């Protein structure tokens, strides 16, 4: 049973560029959430996708956008990258249709470095 | 803002029980206490959650005080692999409540 998979694991971009991160949820899960974790901090909620729509959003600017596909996988896009966007981006999946215990399953993350 | 308070760091000897405290004095009646941990360079891992009764699973035990204002996560026989940052989170269950608010957690170091 594959868990949450994210790609790429590491990437380097320069200021002003755009980046796309990808996530495949755990088998049987239909809801994907994205978190940003700066060095030394706890993860911060970016947004959540269910049924291909953004359902909740944290305190992040519109430069951060996402998408969910019919197979429940998801993408996180960040435009006009800033140095402060350097962080570990975590994807978490959960199940709405199944037994929802409130438990999130996290991937290993994509580490973005902006130079 | 995080609604929990945890010590910044703790040490525990290998093989002993690790007891990690958490204060959540403003917890609401419908909010659960969740514990996650994050081993270096990995994504957070769910450990356990509870509402008001004590809970136990294969990883840990969760003791919640009667007034629900604080809780303790217990790792009964700590190993070196338990070295991680432990996050205590309060959150309602159910769809649409996946917006977990992480604080800075407790950095637990298991000493050989």
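The values are calculated or read from the model by the stated rules, or taken from the named source; none is laboratory data. The model shown is predicted, which means the values in this text are computed figures rather than measured ones. Here the Cβ is made from the backbone with ideal geometry for all residues, glycine too, and neighbour counts use every protein chain on show.
Just name the residue that is modelled with the highest pLDDT out of those in the stretch A:24-62 that are assigned to a strand (DSSP E or B) and more than 24 Å from residue B:103 (Cβ to Cβ).
A:24
Restricting attention to the stretch A:1-11, which residues are surrounded by 12 or more Cβ atoms within 10 Å (Cβ to Cβ) and away from chain B (no Cβ under 14 Å)?
Passing the criteria: A:8, A:11.
In the stretch A:1-22, what residues are part of a strand (DSSP E or B) and more than 22 Å from residue A:82 (Cβ to Cβ)?
A:5, A:7
So if I check each of A:108, A:103, which one is more than 10 Å from the chain's Cα centre (by Cα), under 20 Å from residue B:87 (Cβ atoms), in a loop (DSSP other than H, G, I, E, B) and modelled with pLDDT of 95 or more?
Selected residue: A:108, the only one of A:108, A:103 that is more than 10 Å from the chain's Cα centre (by Cα), under 20 Å from residue B:87 (Cβ atoms), in a loop (DSSP other than H, G, I, E, B) and modelled with pLDDT of 95 or more.
Take residues that are out of contact with any helix residue (DSSP H, G or I) (no Cβ under 6 Å at 6 or more places or on another chain) and more than 14 Å from chain A (Cβ to nearest Cβ) and tell me which of the strands (runs of 3 or more DSSP E) falling wholly in the stretch B:20-76 contain 3 or more.
B:61-64, B:70-75
Anything in the stretch A:67-100 that is part of a strand (DSSP E or B), surrounded by fewer than 23 Cβ atoms within 10 Å (Cβ to Cβ) and either away from chain B (no Cβ under 14 Å) or modelled with pLDDT under 95 (or both)? List them, or say none.
Correct list: A:67, A:75, A:77.
For residues in the stretch A:14-42 being at the interface with another protein chain (Cβ under 10 Å from one of its Cβ atoms) and under 29 Å from residue B:107 (Cα atoms), which is surrounded by the fewest Cβ atoms within 10 Å (Cβ to Cβ)?
A:40
For residues that are surrounded by fewer than 20 Cβ atoms within 10 Å (Cβ to Cβ) and in contact with a strand residue (DSSP E or B) (Cβ under 6 Å, 6 or more places away or on another chain), scanning just the stretch A:43-62, find the one that is nearest to residue A:81 (Cα to Cα).
A:60
I need the full set of residues from the stretch B:77-104 which are within 14 Å of chain A (Cβ to nearest Cβ) and farther than 17 Å from residue B:32 by Cα, in order please.
B:84, B:85, B:104
What's the number of the condition residue B:16 fails, among (1) surrounded by fewer than 18 Cβ atoms within 10 Å (Cβ to Cβ); (2) within 14 Å of another protein chain (Cβ to nearest Cβ)?
(2)
Is there a residue being closer than 19 Å to residue A:44 by Cα and surrounded by fewer than 15 Cβ atoms within 10 Å (Cβ to Cβ) anywhere in the stretch B:62-80?
no
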